[in-house]
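Okay, structure first, notes after.
The values are calculated or read from the model by the stated rules, or taken from the named source; none is laboratory data. Bear in mind the structure is a predicted one, so any value in this text is a computation, not a measurement. Using ideal geometry, Cβ is built from the backbone for each residue, glycine included, and neighbour counts are taken over all protein chains shown.
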Amino acid sequence: MVNVPKTKKTYCKSKECRKHTLHKVTQYKKGKDSIAAQGKRRYDRKQSGYGGQTKPVFHKKAKTTKKIVLRLQCQGCKHVSQHPIKRCKHFEIGGDKKGKGTSLFYSLESMNKEKVSSSFV
């Protein structure tokens with residue numbers, strides 16, 4: 001499981017900054033496919049009419065995970081850069097930090113909530 005902080009101080013390579021600044025971290029997501037793209041128009045034209053499936057449909061998927069891509073936005077100039085990291089099954093941004101020798105280090109707020117909820121039971 002990979003846990004990444006919500007902000008990261010790293011180098012910004014835009015012309016305005018060109019220095020280490022604080023960046024907001026989000027996860028990259030693929031945009032919606034355009035229906036006007038040439039390949040999509042060609043595929044739709046070929047598929048139209050009788051004749052069934054015209055192009056091969058891929059079934060031999062080998063990978064079980066995708067590479068995680070971090071989207072880093074500079075808080076000074078709003079320049080966006082992307083930073084790919086390794087493959088992982090579980091990924092989260094800004095989760096609870098893991099302490100030394102413990103399974104998870106909970107914040108004081110979450111511990112207080114647990115005490116309050118257990119006292120009412």
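Pairs linking a residue in the stretch 47-72 that is at negative phi to a residue that is in a loop (DSSP other than H, G, I, E, B) and exposed (fewer than 10 other Cβ atoms within 10 Å of the Cβ), with Cβ atoms under 6 Å and 6 or more positions apart or on different chains, are Thr65/Lys89. Among the residues of the stretch 6-46, the one identified as more than 14 Å from Gln73 (Cβ to Cβ) and either in contact with a helix residue (DSSP H, G or I) (Cβ under 6 Å, 6 or more places away or on another chain) or touching a residue at least 12 places away in the same chain (Cβ under 8 Å) (or both) is Tyr43.
Counting the residues of the stretch 20-57 that are farther than 29 Å from Pro84 by Cβ and of a type in the set (A, V, I, L, M, F, W, C) gives 0. The residues of the stretch 46-74 that are more than 30 Å from Ser14 (Cβ to Cβ) and either surrounded by 10 or more Cβ atoms within 10 Å (Cβ to Cβ) or of a type in the set (Ser, Thr, Tyr) (or both), listed by number, are Lys46, Gln47, Ser48, Tyr50, Thr54, Thr64, Thr65.
With the structure loaded, tell me whether Tyr28 is within 22 Å of Asn3 (Cβ to Cβ), modelled with pLDDT under 95, aromatic (Phe, Trp, Tyr) and surrounded by 11 or more Cβ atoms within 10 Å (Cβ to Cβ) or whether it fails that test. When the stated conditions are applied, Tyr28 does not pass them. Lys86: of a type outside the set (A, V, I, L, M, F, W, C), within 30 Å of Val2 (Cβ to Cβ) and assigned to a loop (DSSP other than H, G, I, E, B), yes or no? So Lys86 fails the test.
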